[in-house]
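Q: Here you go, one structure.
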(Lines give C-alpha, C1' and ligand atoms only; values in the text may rest on other atoms or scores of the structure.)
Protein backbone atom coordinates (compact mmCIF):
# COMPACT_ATOMS: atom_id res chain seq x y z
CA UNK A 1 0.00 0.00 0.00
CA UNK A 2 1.42 3.34 -0.99
CA UNK A 3 0.05 6.60 0.23
CA UNK A 4 1.16 10.11 -0.57
CA UNK A 5 1.24 12.02 2.68
CA UNK A 6 1.81 15.55 1.50
CA UNK A 7 3.24 17.90 -1.06
CA UNK A 8 4.70 21.02 0.38
CA UNK A 9 6.97 23.99 -0.23
CA UNK A 10 4.14 25.73 -2.04
CA UNK A 11 5.28 28.83 -3.88
CA UNK A 12 2.39 31.24 -4.50
CA UNK A 13 2.74 33.62 -7.39
CA UNK A 14 0.95 36.27 -5.36
CA UNK A 15 1.62 36.70 -1.66
CA UNK A 16 0.88 39.47 0.79
CA UNK A 17 3.45 40.71 3.27
CA UNK A 18 1.58 39.82 6.45
CA UNK A 19 3.63 39.19 9.57
CA UNK A 20 1.63 36.54 11.46
CA UNK A 21 1.90 33.05 12.84
CA UNK A 22 1.40 30.16 10.41
CA UNK A 23 -2.04 28.50 10.61
CA UNK A 24 -3.34 25.37 8.86
CA UNK A 25 -5.72 25.87 5.94
CA UNK A 26 -8.44 23.62 4.57
CA UNK A 27 -8.25 21.62 1.36
CA UNK A 28 -10.69 24.09 -0.21
CA UNK A 29 -8.46 27.02 0.67
CA UNK A 30 -5.44 25.11 -0.60
CA UNK A 31 -7.17 24.47 -3.94
CA UNK A 32 -7.59 28.21 -4.43
CA UNK A 33 -3.83 28.85 -4.24
CA UNK A 34 -1.75 28.69 -7.41
CA UNK A 35 1.82 27.55 -6.90
CA UNK A 36 4.33 24.79 -7.35
CA UNK A 37 5.28 21.93 -5.03
CA UNK A 38 8.80 20.70 -5.74
CA UNK A 39 9.07 18.67 -2.51
CA UNK A 40 6.76 15.78 -1.65
CA UNK A 41 6.71 12.99 0.94
CA UNK A 42 5.56 9.44 0.19
CA UNK A 43 4.97 6.64 2.71
CA UNK A 44 4.85 2.94 1.89
CA UNK A 45 3.57 0.60 4.59
CA UNK A 46 5.29 -2.83 4.49
CA UNK A 47 5.13 -3.33 0.69
CA UNK A 48 6.51 -6.82 1.37
CA UNK A 49 3.81 -8.80 3.22
CA UNK A 50 6.52 -10.82 5.00
CA UNK A 51 8.44 -7.78 6.21
CA UNK A 52 7.22 -5.17 8.71
CA UNK A 53 9.34 -2.42 7.16
CA UNK A 54 7.84 0.93 6.14
CA UNK A 55 9.51 3.42 3.87
CA UNK A 56 9.34 7.20 3.89
CA UNK A 57 10.68 8.97 0.82
CA UNK A 58 11.32 12.71 0.49
CA UNK A 59 11.17 13.57 -3.21
CA UNK A 60 12.91 16.66 -4.58
CA UNK A 61 11.58 17.90 -7.91
CA UNK A 62 14.83 18.99 -9.51
CA UNK A 63 16.75 18.67 -12.76
CA UNK A 64 20.47 18.86 -12.02
CA UNK A 65 23.38 19.13 -14.44
CA UNK A 66 26.72 18.87 -12.67
CA UNK A 67 30.38 18.42 -13.45
CA UNK A 68 32.49 18.06 -10.34
CA UNK A 69 35.82 16.52 -9.38
CA UNK A 70 36.57 15.15 -5.91
CA UNK A 71 40.07 14.31 -4.66
CA UNK A 72 38.83 11.73 -2.13
CA UNK A 73 35.37 10.22 -1.56
CA UNK A 74 35.31 8.03 1.55
CA UNK A 75 32.33 6.50 3.36
CA UNK A 76 32.08 3.96 6.16
CA UNK A 77 35.59 4.16 7.59
CA UNK A 78 35.73 1.83 10.59
CA UNK A 79 37.72 -1.13 11.80
CA UNK A 80 36.47 -4.59 10.86
CA UNK A 81 37.81 -8.13 11.15
CA UNK A 82 39.83 -9.46 8.25
CA UNK A 83 40.66 -6.05 6.78
CA UNK A 84 43.69 -3.80 7.12
CA UNK A 85 43.38 -0.85 9.55
CA UNK A 86 41.60 2.20 8.16
CA UNK A 87 39.60 0.27 5.56
CA UNK A 88 36.42 1.94 4.29
CA UNK A 89 33.26 0.58 2.69
CA UNK A 90 33.80 3.08 -0.13
CA UNK A 91 37.10 4.73 -0.95
CA UNK A 92 37.54 6.44 -4.33
CA UNK A 93 40.27 8.83 -5.40
CA UNK A 94 39.91 11.30 -8.28
CA UNK A 95 36.15 10.76 -8.29
CA UNK A 96 34.28 12.71 -10.98
CA UNK A 97 30.74 13.30 -12.17
CA UNK A 98 30.83 14.23 -15.85
CA UNK A 99 33.96 15.19 -17.73
CA UNK A 100 35.52 17.69 -20.12
CA UNK A 101 35.32 16.66 -23.76
CA UNK A 102 38.67 15.60 -25.20
CA UNK A 103 38.44 14.38 -28.77
CA UNK A 104 41.94 12.94 -28.68
CA UNK A 105 40.77 10.48 -26.02
CA UNK A 106 37.87 9.25 -28.18
CA UNK A 107 40.14 8.99 -31.22
CA UNK A 108 42.42 6.71 -29.21
CA UNK A 109 39.46 4.80 -27.68
CA UNK A 110 36.85 4.44 -30.46
CA UNK A 111 34.72 2.04 -28.38
CA UNK A 112 34.28 4.56 -25.56
CA UNK A 113 30.75 6.07 -25.50
CA UNK A 114 30.75 9.59 -26.88
CA UNK A 115 27.87 11.50 -25.29
CA UNK A 116 25.75 14.07 -27.11
CA UNK A 117 23.55 16.91 -25.98
CA UNK A 118 19.80 16.57 -25.52
CA UNK A 119 19.22 18.02 -29.00
CA UNK A 120 21.57 15.45 -30.56
CA UNK A 121 24.41 17.88 -31.29
CA UNK A 122 28.01 17.08 -30.40
CA UNK A 123 30.01 18.64 -27.59
CA UNK A 124 32.82 20.94 -28.67
CA UNK A 125 36.44 20.33 -27.81
CA UNK A 126 37.06 21.36 -24.20
CA UNK A 127 33.32 21.71 -23.45
CA UNK A 128 31.92 20.37 -20.19
CA UNK A 129 29.88 17.17 -20.51
CA UNK A 130 27.77 17.15 -17.32
CA UNK A 131 26.27 14.33 -15.30
CA UNK A 132 22.45 14.56 -15.40
CA UNK A 133 20.27 13.92 -12.33
CA UNK A 134 16.48 14.08 -12.20
CA UNK A 135 14.25 14.00 -9.11
CA UNK A 136 16.73 13.08 -6.35
CA UNK A 137 15.25 11.65 -3.15
CA UNK A 138 16.04 10.69 0.44
CA UNK A 139 14.49 7.46 1.70
CA UNK A 140 14.27 6.14 5.26
CA UNK A 141 13.33 2.57 6.25
CA UNK A 142 11.52 2.00 9.58
CA UNK A 143 10.83 -1.16 11.55
CA UNK A 144 7.09 -0.83 12.25
CA UNK A 145 7.31 -2.99 15.36
CA UNK A 146 9.92 -0.84 17.10
CA UNK A 147 9.69 2.50 15.25
CA UNK A 148 13.45 2.19 14.69
CA UNK A 149 15.26 3.54 11.64
CA UNK A 150 16.88 0.53 9.98
CA UNK A 151 18.03 2.02 6.69
CA UNK A 152 18.73 5.17 4.73
CA UNK A 153 19.57 5.89 1.13
CA UNK A 154 20.05 8.74 -1.32
CA UNK A 155 18.83 8.04 -4.84
CA UNK A 156 17.68 9.55 -8.12
CA UNK A 157 14.54 9.13 -10.17
CA UNK A 158 16.76 9.10 -13.26
CA UNK A 159 20.44 9.75 -13.92
CA UNK A 160 22.71 9.65 -16.94
CA UNK A 161 26.35 10.41 -17.52
CA UNK A 162 29.91 9.35 -16.84
CA UNK A 163 30.98 8.58 -13.28
CA UNK A 164 34.69 7.90 -13.00
CA UNK A 165 37.39 7.50 -10.39
CA UNK A 166 40.14 5.34 -9.00
CA UNK A 167 38.15 2.85 -6.89
CA UNK A 168 40.24 1.45 -4.04
CA UNK A 169 37.39 -0.22 -2.09
CA UNK A 170 33.71 -0.70 -2.87
CA UNK A 171 31.45 -2.97 -0.84
CA UNK A 172 27.84 -3.95 -1.37
CA UNK A 173 25.65 -5.24 -4.17
CA UNK A 174 26.49 -3.10 -7.20
CA UNK A 175 24.16 -3.93 -10.08
CA UNK A 176 26.20 -2.29 -12.85
CA UNK A 177 28.76 -3.25 -15.46
CA UNK A 178 32.18 -1.77 -14.71
CA UNK A 179 34.59 -1.53 -17.66
CA UNK A 180 38.22 -0.64 -17.02
CA UNK A 181 39.79 0.72 -20.19
CA UNK A 182 43.16 1.48 -18.62
CA UNK A 183 43.04 5.13 -19.59
CA UNK A 184 41.11 8.12 -18.34
CA UNK A 185 40.32 11.68 -19.20
CA UNK A 186 42.62 14.21 -17.59
CA UNK A 187 42.88 17.98 -17.58
CA UNK A 188 46.26 19.49 -16.76
CA UNK A 189 44.99 22.02 -15.93
CA UNK A 190 39.44 34.82 -6.63
CA UNK A 191 38.85 34.88 -3.53
CA UNK A 192 35.65 32.86 -3.79
CA UNK A 193 32.64 33.19 -1.55
CA UNK A 194 33.45 30.36 0.86
CA UNK A 195 30.81 29.14 3.28
CA UNK A 196 32.17 27.41 6.37
CA UNK A 197 29.99 25.65 8.90
CA UNK A 198 30.82 23.43 11.83
CA UNK A 199 28.10 21.34 13.43
CA UNK A 200 29.12 19.44 16.56
CA UNK A 201 26.05 17.21 16.58
CA UNK A 202 23.20 16.81 14.11
CA UNK A 203 20.38 14.35 14.82
CA UNK A 204 17.14 13.38 13.09
CA UNK A 205 14.57 11.59 15.24
CA UNK A 206 12.36 8.82 13.90
CA UNK A 207 8.94 9.54 15.37
CA UNK A 208 5.42 8.26 14.90
CA UNK A 209 3.19 10.32 12.62
CA UNK A 210 1.38 11.99 15.54
CA UNK A 211 4.68 12.74 17.30
CA UNK A 212 3.66 10.91 20.46
CA UNK A 213 6.70 8.62 20.55
CA UNK A 214 10.14 8.72 19.00
CA UNK A 215 12.46 5.81 18.33
CA UNK A 216 15.99 5.70 16.94
CA UNK A 217 17.91 8.58 15.49
CA UNK A 218 20.03 9.40 12.47
CA UNK A 219 23.07 10.99 14.05
CA UNK A 220 26.08 12.83 12.64
CA UNK A 221 28.72 14.08 15.05
CA UNK A 222 31.62 16.46 14.40
CA UNK A 223 30.15 17.51 11.08
CA UNK A 224 32.35 20.02 9.22
CA UNK A 225 31.24 21.55 5.92
CA UNK A 226 33.10 23.99 3.66
CA UNK A 227 31.15 24.85 0.53
CA UNK A 228 32.83 26.83 -2.23
CA UNK A 229 29.90 27.89 -4.38
CA UNK A 230 31.17 30.19 -7.11
CA UNK A 231 34.36 32.22 -7.21
CA UNK A 232 35.95 35.09 -9.07
CA UNK A 233 36.17 32.91 -12.20
CA UNK A 234 32.70 31.32 -11.85
CA UNK A 235 29.77 33.63 -11.06
CA UNK A 236 26.63 32.20 -9.43
CA UNK A 237 23.20 33.05 -10.88
CA UNK A 238 19.81 32.63 -9.20
CA UNK A 239 16.64 33.28 -11.14
CA UNK A 240 13.03 32.24 -11.75
CA UNK A 241 12.10 31.10 -15.26
CA UNK A 242 8.88 31.79 -17.17
CA UNK A 243 7.25 28.66 -15.66
CA UNK A 244 7.89 29.80 -12.09
CA UNK A 245 10.72 27.33 -11.48
CA UNK A 246 13.79 28.34 -9.50
CA UNK A 247 17.10 28.14 -11.38
CA UNK A 248 20.51 28.10 -9.69
CA UNK A 249 23.62 28.03 -11.87
CA UNK A 250 27.35 28.03 -11.23
CA UNK A 251 28.80 29.15 -14.54
CA UNK A 252 31.73 27.21 -15.99
CA UNK A 253 35.08 28.84 -16.59
CA UNK A 254 35.89 29.96 -20.10
CA UNK A 255 37.15 27.23 -22.40
CA UNK A 256 40.70 27.45 -23.80
CA UNK A 257 40.93 28.58 -27.39
CA UNK A 258 42.07 26.00 -29.94
CA UNK A 259 45.83 25.73 -29.67
CA UNK A 260 45.88 27.63 -26.38
CA UNK A 261 47.36 24.74 -24.41
CA UNK A 262 49.81 22.33 -25.99
CA UNK A 263 49.01 18.63 -26.37
CA UNK A 264 51.81 17.75 -23.93
CA UNK A 265 50.21 19.96 -21.22
CA UNK A 266 53.39 21.92 -20.50
CA UNK A 267 53.44 25.66 -20.01
CA UNK A 268 55.98 26.36 -22.69
CA UNK A 269 54.12 24.51 -25.45
CA UNK A 270 51.70 27.25 -26.56
CA UNK A 271 50.04 30.09 -24.65
CA UNK A 272 51.62 30.62 -21.20
CA UNK A 273 48.78 32.95 -20.11
CA UNK A 274 46.15 30.26 -20.76
CA UNK A 275 48.26 27.70 -18.88
CA UNK A 276 48.59 30.07 -15.89
CA UNK A 277 44.82 30.70 -15.90
CA UNK A 278 43.97 27.01 -15.52
CA UNK A 279 46.84 26.32 -13.15
CA UNK A 280 45.46 29.00 -10.83
CA UNK A 281 41.92 27.59 -11.15
CA UNK A 282 42.72 23.92 -10.53
CA UNK A 283 45.21 24.24 -7.66
CA UNK A 284 43.50 27.02 -5.67
CA UNK A 285 42.23 25.45 -2.40
CA UNK A 286 39.69 28.27 -1.91
CA UNK A 287 37.76 27.00 -4.92
CA UNK A 288 37.28 23.52 -3.41
CA UNK A 289 34.65 22.20 -1.00
CA UNK A 290 35.17 19.77 1.87
CA UNK A 291 32.75 17.75 4.00
CA UNK A 292 33.61 15.54 6.92
CA UNK A 293 31.58 13.79 9.60
CA UNK A 294 33.34 12.20 12.55
CA UNK A 295 30.61 9.60 13.00
CA UNK A 296 27.44 8.68 11.11
CA UNK A 297 24.91 6.27 12.58
CA UNK A 298 21.38 5.15 11.69
CA UNK A 299 19.59 3.59 14.65
CA UNK A 300 21.84 0.86 16.04
CA UNK A 301 23.98 0.77 12.90
CA UNK A 302 27.25 2.70 13.20
CA UNK A 303 29.00 3.65 9.94
CA UNK A 304 31.72 5.76 11.57
CA UNK A 305 33.35 8.59 9.59
CA UNK A 306 32.90 9.82 6.02
CA UNK A 307 34.44 12.61 3.98
CA UNK A 308 34.38 14.39 0.64
CA UNK A 309 37.71 16.12 0.19
CA UNK A 310 38.72 18.66 -2.43
CA UNK A 311 35.50 18.88 -4.47
CA UNK A 312 35.73 21.32 -7.37
CA UNK A 313 32.36 22.24 -8.91
CA UNK A 314 33.18 23.13 -12.51
CA UNK A 315 29.55 23.41 -13.57
CA UNK A 316 26.20 23.23 -11.77
CA UNK A 317 22.68 23.94 -12.97
CA UNK A 318 19.70 23.17 -10.73
CA UNK A 319 16.14 23.74 -11.90
CA UNK A 320 13.12 22.90 -9.79
CA UNK A 321 10.12 21.08 -11.24
CA UNK A 322 6.48 20.83 -10.16
CA UNK A 323 5.88 17.32 -8.75
CA UNK A 324 2.11 17.80 -8.80
CA UNK A 325 2.03 17.57 -12.60
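The values are calculated or read from the model by the stated rules, or taken from the named source; none is laboratory data. Not measured: the values here are computed from a predicted model. Neighbour counts run over all protein chains shown; Cβ positions are idealised from the backbone, glycine included.
Q: Against the definition (at pLDDT below 75, exposed (fewer than 14 other Cβ atoms within 10 Å of the Cβ) and on the phi < 0 side of the Ramachandran plot), how does residue 239 come out, yes or no?
A: no
Q: Also, quick follow-up: So, in the stretch 219-236, of the ones that are out of contact with any strand residue (DSSP E or B) (no Cβ under 7 Å at 6 or more places or on another chain) and over 30 Å from residue 294 (Cα atoms), which residue ends up surrounded by the most Cβ atoms within 10 Å (Cβ to Cβ)?
A: The first filter runs over the stretch 219-236 and keeps only residues out of contact with any strand residue (DSSP E or B) (no Cβ under 7 Å at 6 or more places or on another chain), leaving 231-233, 235.
If we keep only those that are over 30 Å from residue 294 (Cα atoms) as well, we get 232-233, 235.
Working: 232: 14, 233: 17, 235: 10.
Going through the qualifying residues, I end up with 233.
Q: Go through (1) surrounded by fewer than 18 Cβ atoms within 10 Å (Cβ to Cβ); (2) more than 28 Å from residue 39 (Cβ to Cβ); (3) modelled with pLDDT of 80 or more for residue 69 and report which single condition fails.
A: Result: residue 69 fails condition (1) only.
Q: How many residues does the stretch 269-293 hold that are over 18 Å from residue 255 (Cβ atoms) and either assigned to a strand (DSSP E or B) or more than 30 Å from the chain's Cα centre (by Cα) (or both)?
A: The total comes to 5.
Q: Okay, next question. Yes or no: residue 75 assigned to a strand (DSSP E or B) and either modelled with pLDDT under 75 or more than 27 Å from residue 234 (Cα to Cα) (or both)?
A: Against the criterion (assigned to a strand (DSSP E or B) and either modelled with pLDDT under 75 or more than 27 Å from residue 234 (Cα to Cα) (or both)), residue 75 qualifies.
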